[in-house]
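The values are calculated or read from the model by the stated rules, or taken from the named source; none is laboratory data. From a predicted model like this one, the values you see are computed outputs, not experimental measurements. Cβ sites come from the backbone with ideal geometry, for glycine too, and all protein chains shown count toward neighbours. Note: accessible area is taken over every heavy atom of the protein model, side chains too, but ligands, DNA and RNA are not part of it. Shrake-Rupley method; radii C 1.70, N 1.55, O 1.52, S 1.80 Å.
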Amino acid sequence: MMSRTLTQFLIQERRRFPDASGEFNALILDIAMACKAIAKSVAFGELAGLHGNFAGDSSDSQTINVQGEVQKKLDVISNEVFIKMNEWAGHVAGMASEEMDEPYNLPEGQPRGHYLLVFDPLDGSSNIDVNVSVGSIFSVLRAPESAHNGRNVTAEDFLQPGTEQVAAGYALYGPTTMLILTVGRGVHGFTLDPNFGEFILTHPNIKVPETTKEFAINASNARFWEPPVKRYVDECLAGQTGPRGKDFNMRWIASMVAEAHRILMRGGVFLYPKDTKDITKPGRLRLMYEANPIGMIMEQAGGRASTGYGQILTVKPSALHQRIGLVFGSREEVELIERYHNNPPQGAREDDPSPLFATRSLFRD
Ligand code: F6P
């Protein structure tokens with residue numbers, strides 16, 4: 001039998017729900033179309049003058065997004081593509097993006113669907129100009145009935161825990177373009193066939209290996225880490241002669257979506273933990289459009305995603321652009337890191353900088 005296309009896969013999934021209207025499938029296909037368009041722009045790169053920073057109206061030759069990050073031209077283009085591809089068909093009631101301060105309301109008169117779409121249009125975009133893999137991450141939530149019936153969406157509508165996601169996925173623009181998707185029944189990988197312009201199911205039922213010898217962390221932040229993270233990394237570095245009794249390998253691409261993909265394919269653990277680098281930011285990555293969708297994918301693939309202290313997906317969001325500590329990947333490894341956070345070792349030093357380990361810790365009598 002010929003490999004299934006994404007459309008065929010979605011039709012087959014939908015057969016389990018005879019009453020389904022097709023709206024959800026159509027939304028996923030619109031998202032996939034957006035990803036194909038972004039893949040093209042990424043591939044043309046500087047041939048189309050698409051590398052470099054987005055200047056917008058700024059006289060500074062760069063603009064800064066709501067996150068305080070420099071916007072790349074391709075960040076802005078990818079955001080536009082997501083909006084244009086998803087605003088007209090009546091599948092979403094509103095959208096929210098890393099690149100937009102406020103939720104996006106559909107133009108007056110457009111039909112409003114039953115879903116909310118949240119996305120990071122181009123994750124890892126500092127890698128664009130050096131031609132390293134980047135990707136788009138998305139999360140689908142249900143819209144409140146009133147928003148479906150015409151009320152403008154508010155940030156509050158999106159503040160649902162990750163357990164409420166009905167679908168999540170990412171597209172990776174690497175040597176091949178891939179779409180990784182979960183609709184709540186496992187994780188499936190599709191490769192874009194450049195001849196047909198179709199996503200073809202090439203990686204059904206992906207499973208993250210439970211154990212690993214590979215970790216990913218930005219070690220330049222080591223002096224800002226909390227003791228449990230420091231302990232974990234020290235033990236990995238100690239290798240065979242340390243308490244873990246095995247040698248570890250380390251990777252850092254600085255493109256979370258690419259790290260997630262490596263981990264999905266061959267296991268590993270990724271940490272961008274809460275640290276003390278900037279105490280106004282409880283972590284580097286964003287809950288709604290980075291941690292939650294990647295969290296759902298990891299858990300659907302048998303892995304785990306955590307704040308370090310507990311499951312990411314159960315965190316009740318407090319703001320659209322909320323940041324959070326994120327640890328994900330091979331289940332056993334993430335669980336070990338959680339144990340280090342939740343059960344600090346007996347006799348921890350009194351001068352330990354973390355309140356968790358100090359004499360008057362929350363966890364002491
Ligand atoms: O959006 C955040 C991001 O680009 C992630 O994709 C990546 O993991 C991280 O930032 C890189 O952070 P750093 O600059 O600390 O390496």
Fill in the blank from the handout: With a Förster distance of 35 angstrom and the Cβ-Cβ distance between ALA26 and PHE224, calculated FRET efficiency to the nearest 0.05 equals 0.20
Problem - Among beta bridges that DSSP assigns inside the stretch 176-276, antiparallel share in %, nearest 5 - result: 70 percent
Fill in the blank from the handout: Protection proxy (average C-beta count within 10 Å per residue), highest first, orders 326-336, 40-50 as 326-336, 40-50
Practice task
Indicate the helices, whole DSSP H runs only, in the chain that combine a mean Kyte-Doolittle hydropathy of 0.0 or more with a Cα extent along their long axis of 30 angstrom or more.
Solution key: 23-44
Problem - Solvent-accessible surface ranking, highest first, for SER146, SER78 at 1.4 angstrom - result: SER146, SER78
Handout entry: Spin-label model distance (nm) - THR211 vs GLU335, 7 Å beyond Cα toward Cβ
Key = 1.3 nm
Practice task
Can you list which of the chymotrypsin sites (Phe, Trp or Tyr not before Pro) found in the stretch 141-198 are DSSP loop residues with at most 15 other C-beta atoms within 10 Å?
Solution key: PHE196
Fill in the blank from the handout: A student applying the Cα gyration tensor rule (rounded when a/c is under 1.5; otherwise prolate if a/b is larger than b/c, oblate if not) would label the stretch 1-55 oblate
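What does the highest-first list of 178-184, 202-208 look like by mean Cβ count within 10 Å?
178-184, 202-208
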Fill in the blank from the handout: By the C-alpha gyration tensor axes a ≥ b ≥ c (rounded if a/c is under 1.5, else prolate when a/b exceeds b/c, else oblate), the shape of the stretch 6-203 is oblate
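Return one whole number: the accessible area per residue of the stretch 214-342 in Å², for a 1.4 Å probe.
On the way: 4690 Å² over 129 residues.
For the stretch 214-342, the solvent-accessible area averages 36 Å² per residue.
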Exercise for the section: Give LYS246/LYS274; LYS230/LYS281; LYS72/LYS207 a once-over and call out the pairs whose C-alpha atoms are over 29 Å from each other. Expected result: LYS72/LYS207
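Quick one: putting +1 on the C-beta of Lys and Arg, -1 on the C-beta of Asp and Glu, what dipole do you get for the stretch 214-342 around its Cα centre, in Debye to the nearest 20?
240 debye
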Completion exercise
Relative contact order of the chain (C-alpha contacts under 8 Å, at least 6 apart) in percent is 14 percent
Completion exercise
Taking protein heavy atoms only, a 1.4 Å probe, and rounding to whole percent, the accessible area of the stretch 38-164 owed to carbon and sulfur comes out at 50 percent
Exercise for the section: Give me the accessible area of HIS148, 1.4 Å probe, in Å² rounded to the nearest 10. Expected result: 40 Å²
Practice task
From largest accessible area down, sort TYR232, TYR272, TYR309; use a 1.4 Å probe on the protein chains.
Solution key: TYR309, TYR272, TYR232
Fill in the blank from the handout: Sorted list, accessible surface of protein heavy atoms, 1.4 Å probe, largest first, for ARG266, ARG4 is ARG266, ARG4
Handout entry: For the chain: rounded, prolate or oblate by the Cα gyration tensor [a/c cutoff 1.5]
Key = prolate
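Which length gain, in nm to one decimal place, applies between ALA43 and ALA155 when the Cα-Cα distance is subtracted from 0.36 nm times their residue separation?
Contour length minus the Cα-Cα distance gives 37.0 nm.
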